[in-house]
Amino acid sequence: MPIVQRILSAFSAPKPRPLPEPDARLALGALMVRVAKSDAAYRVEEIARIDRILAAANGLNPVEAARMRADCEKLERAAPGTDAFAALIRDTVAHDGRLDTLRALWQVTLADGVERPEELDVIETTRIALGLTPEDNDAAHTAAQMTPK
C-alpha cells in the first residue's frame, strides 16, 4: 500500500471508544490494575486475579470480566492520582465495601507471591484515601492471604 493511502486510511480509522465515566466498580478495577502495574511487571497471575475479583464482585462471566478489566486498564492510564480514585470509592461505598476494596488490592498484590515496595505504596495511599486504619489494612492483608488462589 502506498504511503499516501496508509496516511489517509489512518485518518479514516475508527476512533477509539470514549472512556466510561468512573464509578466505584471501575475505580476498584483501575486501582487493582494500578497496584499490579506499580512494579512495572503486569503479571498473568495478577491479571487473572483481577478478572476473578471483577467477575465475582459484578456477577460477570470471564469474557465480561476481561472486557471490564480492559476498560479499567484504560481508565488507569488516563486516571488521576490513586487518592482520587480511592476518594470516589470512599464517597460512594460503605465501610465494609471499602474494606473489600483493600482486601481486593491485597489479593492482587499477593497473586504473584511477592509483595513489592511499589505495590505497598499504592496500597498505603489507597488505605489512607479510603479512610481506613492500619488495623483495617492488617485485617485485609490477613484475609487476602487466606483467599484461595
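What pairs can you find where one residue is in the range 86-112 and touching a residue at least 24 places away in the same chain (Cβ under 8 Å), the other is among the hydroxyl-bearing types (Ser, Thr, Tyr) and part of a helix (DSSP H, G or I), and their Cβ atoms are less than 8 Å apart, with a gap of 6+ or different chains?
Once the first residue is touching a residue at least 24 places away in the same chain (Cβ under 8 Å) and sits in the range 86-112, its partners that are among the hydroxyl-bearing types (Ser, Thr, Tyr) and part of a helix (DSSP H, G or I) give 86/101; 86/125; 86/126; 89/101; 93/101; 101/126; 102/126; 105/126.
What number goes with the only condition from (1) modelled with pLDDT under 95; (2) over 16 Å from the mean Cα position of the chain (by Cα); (3) closer than 14 Å to residue 31 by Cβ that residue 77 does not pass?
For residue 77, the exception is condition (2).
Each row is one residue, and each column tells you yes or no for (1) over 22 Å from residue 148 (Cβ atoms); (2) in a helix (DSSP H, G or I); (3) open to solvent by 60 Å² or more (accessible area, probe 1.4 Å).
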position: 80; (1), (2), (3): yes, no, yes
position: 83; (1), (2), (3): yes, yes, yes
position: 88; (1), (2), (3): yes, yes, no
position: 91; (1), (2), (3): yes, yes, yes
position: 104; (1), (2), (3): no, yes, no
position: 107; (1), (2), (3): no, yes, no
position: 118; (1), (2), (3): yes, yes, yes
position: 122; (1), (2), (3): yes, yes, no
position: 126; (1), (2), (3): yes, yes, no
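Which condition from (1) open to solvent by 70 Å² or more (accessible area, probe 1.4 Å); (2) under 17 Å from residue 27 (Cα atoms); (3) of a type outside the set (Val, Ile, Thr) is the one that residue 40 breaks?
Condition (2) is where residue 40 drops out.
Which of the residues belonging to the range 93-102 are surrounded by 15 or more Cβ atoms within 10 Å (Cβ to Cβ) and among the hydrophobic types (A, V, I, L, M, F, W, C)?
Within the range 93-102, the first condition is being surrounded by 15 or more Cβ atoms within 10 Å (Cβ to Cβ), and the residues that meet it are 93, 97-102.
Correct list: 93, 99, 102.
Pick from the range 52-65 the residues that are open to solvent by 30 Å² or more (accessible area, probe 1.4 Å) and assigned to a helix (DSSP H, G or I): which of them is nearest to residue 148 (Cα to Cα)?
First, pick out the residues of the range 52-65 that are open to solvent by 30 Å² or more (accessible area, probe 1.4 Å): 52, 56-64.
Add one more test, that the residue is assigned to a helix (DSSP H, G or I), and what stays is 52, 56-58, 62-64.
On the way: 52: 11, 56: 14, 57: 16, 58: 19, 62: 18, 63: 21, 64: 22 Å.
It comes out as 52.
Filter the range 130-147 down to the residues that are open to solvent by 90 Å² or more (accessible area, probe 1.4 Å) and either part of a helix (DSSP H, G or I) or more than 11 Å from residue 110 (Cα to Cα) (or both) and list them by number.
135, 138, 145 - these are the residues of the range 130-147 that are open to solvent by 90 Å² or more (accessible area, probe 1.4 Å) and either part of a helix (DSSP H, G or I) or more than 11 Å from residue 110 (Cα to Cα) (or both).
The values are calculated or read from the model by the stated rules, or taken from the named source; none is laboratory data. Predicted model, so just to flag it, every value in this text is computed and none were measured. With ideal geometry, Cβ positions are generated from the backbone for all residues, glycine too; neighbour counts draw on all protein chains shown. Protein only, heavy atoms only, side chains kept; ligands, DNA and RNA dropped before computing areas. Shrake-Rupley method; radii C 1.70, N 1.55, O 1.52, S 1.80 Å.
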